[in-house]
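K.L.:
Have a look at this one before I ask anything.
Derivation of every value follows stated rules applied to the coordinates shown; laboratory data play no part. Note that the structure is a prediction, hence the values are computed from the model and not measured. All Cβ positions, even for glycine, are placed from backbone atoms using ideal geometry, and neighbour counts span all protein chains on display.
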Amino acid sequence: MPTYRAPRGTRDLLPDERAAFRRLETIASMLARRYGYREIETPMFEDAAVFERGVGAVTDVVEKELFRIARRTEEGDSWALRPEPTAGIVRAYIEHGMQTWPQPVKLTMTGPMFRHDRPQAGRFRQFWQFDIEAIGDPGPAIDAEIIELGRAFYRLAGLDDVEVLLNSIGDAACRPAYIKTLIAYFEPHAAELPALERERLHKNPMRLLDSKDPAMAELNAAAPRISDLLCEPCRIHFAAVREHLEALGITYRIEPGLVRGLDYYTRTAFEFFVPGREGGQQALGGGGRYDGLVELLGGHPTPGIGFGLGLDRIVIALEARAGEARQELEGAPVAVVVGADPAATAVRLKVATDLRAAGIAARADLGRRKLGKQLESAARDRAHFVVIIGDELADGNVQLKDLDAGSQQLVALADLARKLVSGERSHRHGGGDA
RNA sequence: GUGGCCUUAGCUCAAUCGGCAGAGCAGCGGAUUGUGGUUCCGCAGGUUACGGGUUCGAUUCCCGUAGGCCACCCCA
């Protein structure tokens, strides 16, 4: 027998970690609703062309990291697992004629994304994102609203010190000119550029700006900044986004090296960083405006903006916080039904089933072990109560034992559910336990 | 995709110079009749990631593969 394991770059979310994800999903869903975003669910795979066009054919995400699904002979389509949510959502916007809905259309989705990258801590081939998209609003106010929404999410999740990095990358009117300026600036230094950067000089020159190569630091510091060369509409838009952020009390850092090197990305670009984590994988989430994307995928020209926040990385950042090692109590049963007669599993199962029907989280000890072991197991499950079935059942009674208090009382089977409901309530409010 | 470090029980880790692979935790059972998280005793759990090589003998040394981690790359 070979021993199987989860594919490279994927992992099983065991109950404790799944609970941490569930908590983030709950916060995301609550916040999205509060801000007026409705949930959408798109397929986890699409026609590969949706990503090739929607994400950009010359990006790493598509060129190197796309999970392509081998086509079946009887079907001509070529599919790929979604590497990010925006392209699929915009495809759905167009397909379902959402331009006839009241604009902007505000959508949210949380789910797994797939990229065939080399795995590393905080970098997985299947990872989860909380995504927000507002399609049909040119901004600038909504840009600030969305950034504030991201900050609010991190704050509720337990990360207060997330930094906002902000930039404007211009639009179709001013970016081409900027790129020419940039190439003209780097060209005389082409010989001194690291090989990788030299290669990118003509293909995707804006990428040089976020290079971490120390050899680039000096050159980049003096490089022309797009923020100085924005066209008038972009300049006004950027200034307005900043005004709105300041009105909301959001602190941010202008980061000229923050780049989205894709044609349809426009104007506002932002990322969320957790400070103190040097090196890679410190980007918790990011987003930006994509005023060209709807048209690129075949719709009418429509502005849009959104973000994707990596759930995996939030969980990691949370775990790194000292003292965050609180254990999840969820999943503990309120009551465990045990019995003096190890063989009498049918009675225990029946009593537990009736309690569940009454809405109580109960389990029966279905093992054939002696009472002491059953109690021990219940206590280790952190159950609040045990119901002990014994001879008193002949009179219609059971023993109800409060494990925390150590007290015990004789209770009529008919009253058991009611007693447990009120007992659980006093446990929750009576506190002491946490 | 490139380079480096690592991989022993479910988990965290031992094993001297190359000489019979161990502990703690977790699990299960028991400690004179139906009362718990402690304690004590016991049981189970391993092709030492996988495949080769060197050697009388490999967890240990060498090579390859897989997986993890770190840096690059990319990004979430």
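K.L.:
Which of A:97, A:56, A:346 sits closest to the plus end of the dipole of chain A, meaning its Cα is farthest towards the positive end, when Lys and Arg get +1 and Asp and Glu get -1 on the C-beta?
P.N.:
Of A:97, A:56, A:346, it is A:346.
K.L.:
If you add up the charges near residue A:413, with Lys and Arg at +1 and Asp and Glu at -1, over every other residue whose beta carbon is less than 13 angstrom from its beta carbon, what do you get? Please report the intermediate quantities before stating the final value.
P.N.:
Working: positive: A:348, A:350, A:418, A:419; negative: A:354, A:392, A:395, A:415.
Surrounding charge for residue A:413 is 0.
K.L.:
Given Cβ point charges of +1 (Lys, Arg) and -1 (Asp, Glu) and nothing else, what value in debye, to the nearest 20, does the dipole of the stretch A:335-430 about its Cα centre take? Before the final figure, lay out the partial values.
P.N.:
On the way: 15 positive and 12 negative charges, 78 e Å.
About 380 debye.
K.L.:
Kindly identify chain A as rounded, prolate or oblate by the Cα gyration tensor criterion: order the square roots of the eigenvalues as a ≥ b ≥ c, call it rounded if a/c is under 1.5, otherwise compare a/b with b/c, prolate if a/b is larger, else oblate.
P.N.:
Since a/c reaches 1.5 and a/b is larger than b/c, the shape of chain A is classed as prolate.
K.L.:
So for the pair residue A:198, residue A:424, with labels modelled 7 Å out along Cα→Cβ, what separation do we get in nm?
P.N.:
Rounded to a tenth, the inter-label distance reads 7.0 nm.
K.L.:
Could you work out how far helix A:416-430 tilts from the main Cα principal axis of chain A, as a 0 to 90 degree angle to the nearest 10?
P.N.:
The angle comes out at about 50 degrees.
K.L.:
Taking chain A as a Gaussian network, where each spring joins two C-alpha atoms under 10 Å apart, which residue of A:332, A:32, A:92 fluctuates the most?
P.N.:
So, out of A:332, A:32, A:92, the one fluctuating most is A:332.
K.L.:
Quick one: length gained pulling residue A:58 to residue A:118 fully straight, 0.36 nm per residue minus the C-alpha distance?
P.N.:
Gain in length upon complete extension: 19.7 nm.
K.L.:
Still on this structure: Sum -39500 (n - 2.57) across every DSSP H segment of at least 4 residues in chain A, then divide by the residue count to get the 222 nm mean residue ellipticity, nearest 500.
P.N.:
-11000 deg cm²/dmol
K.L.:
If you don't mind, there's one more thing I want to ask. Which of A:348, A:118, A:11 moves the most in a Gaussian network model of chain A with Cα springs under 10 Å?
P.N.:
Evaluated over chain A, the most mobile residue of the options is A:348.
K.L.:
I want to verify a result. In a Gaussian network model of chain A, Cα cutoff 10 Å, which of these has the top mean-square fluctuation: A:423, A:97, A:310?
P.N.:
Comparing A:423, A:97, A:310 in the GNM, the peak value goes to A:423.
K.L.:
Go through chain A and flag any cysteine with no other cysteine's C-beta closer than 4.7 Å, please.
P.N.:
A:234
K.L.:
Going by alpha carbons, how many degrees (0 to 90, nearest 10) lie between the helix axis of A:86-95 and the longest principal axis of chain A?
P.N.:
90 degrees
K.L.:
Assuming R0 = 22 Å, what is the FRET efficiency of residue A:410 and residue A:344, from their Cβ-Cβ distance, to the nearest 0.05?
P.N.:
With R0 = 22 Å, the Cβ-Cβ based efficiency is 0.75.
K.L.:
Another one. Between residue A:320 and residue A:222, what is the label-point separation in nm under the 7 Å Cα-to-beta-carbon projection?
P.N.:
In this crude label model, residue A:222 to residue A:320 measures out at 3.4 nm.
K.L.:
Once amide H atoms are placed 1.01 Å from N in the peptide plane, what residues at a sequence separation of 5 or more from residue A:408, or on another chain, have their amide H within under 5 Å of its amide H?
P.N.:
Distant-sequence amide H within range of residue A:408: A:402.
K.L.:
Still on this structure: Gain in length, residue A:16 to residue A:177, computed as 0.36 nm per residue apart minus the alpha-carbon separation, to one decimal in nm?
P.N.:
Roughly 52.8 nm would be gained on extension.
K.L.:
Can you give me the Cα centroid spacing of the stretch A:1-72 and the stretch A:359-434 in angstrom?
P.N.:
Result: 42 Å between the Cα centres.
K.L.:
Let me ask another. Could you order peptides A:265-271, A:234-240 by the average number of other Cβ atoms within 10 Å of their residues, highest first?
P.N.:
Ranking, from highest mean packing down: A:265-271, A:234-240.
K.L.:
Once you have the Cα-Cα distance between residue A:189 and residue A:370, take 0.36 nm times their residue separation minus that, and quote the gain in nm to one decimal.
P.N.:
57.1 nm
K.L.:
List, in order, the whole-Hz ³J(HN,Hα) value for each residue of the stretch A:124-135 obtained from phi through the Karplus relation with A = 6.51, B = -1.76, C = 1.60 and θ = phi - 60°; use x for Gly and Pro.
P.N.:
10, 7, 10, 9, 10, 10, 9, 10, 10, 9, 10, 10
K.L.:
With an 8 Å cut-off on Cα pairs and a minimum separation of 6 or more residues, tell me the relative contact order of the stretch A:335-430 in percent.
P.N.:
27 percent.
K.L.:
Oh, and also: Which listed residue (A:130, A:377, A:111) has the Cα farthest towards the positive end of the charge dipole for chain A, taking +1 on Lys and Arg C-beta and -1 on Asp and Glu C-beta about the Cα centre?
P.N.:
Result: A:377.
K.L.:
Assign unit charges at the C-beta atoms only (+1 for Lys and Arg, -1 for Asp and Glu), then state the dipole size of chain A relative to its Cα centre in Debye, rounded to the nearest 20. Don't skip to the answer; put the middle values down first.
P.N.:
Numbers: 56 positive and 63 negative charges, 200 e Å.
The dipole magnitude comes to about 960 debye.
K.L.:
Follow-up question, since we're still on this one. If you fit an axis through the alpha-carbon atoms of helix A:141-157 and take the longest principal axis of the Cα set of chain A, what angle between them do you get, 0 to 90°, nearest 10?
P.N.:
With rounding to tens, the tilt is 40 degrees.
K.L.:
Need one number: nm distance between label points at residue A:243 and residue A:4, each 7 Å from Cα along Cα→Cβ, rounded to one decimal.
P.N.:
Each label point lies 7 Å from its Cα, and together they span 6.0 nm.
K.L.:
Amide H to amide H under 5 Å from residue A:110: which residues, 5+ apart in sequence or cross-chain, H placed 1.01 Å off N in plane?
P.N.:
A:131
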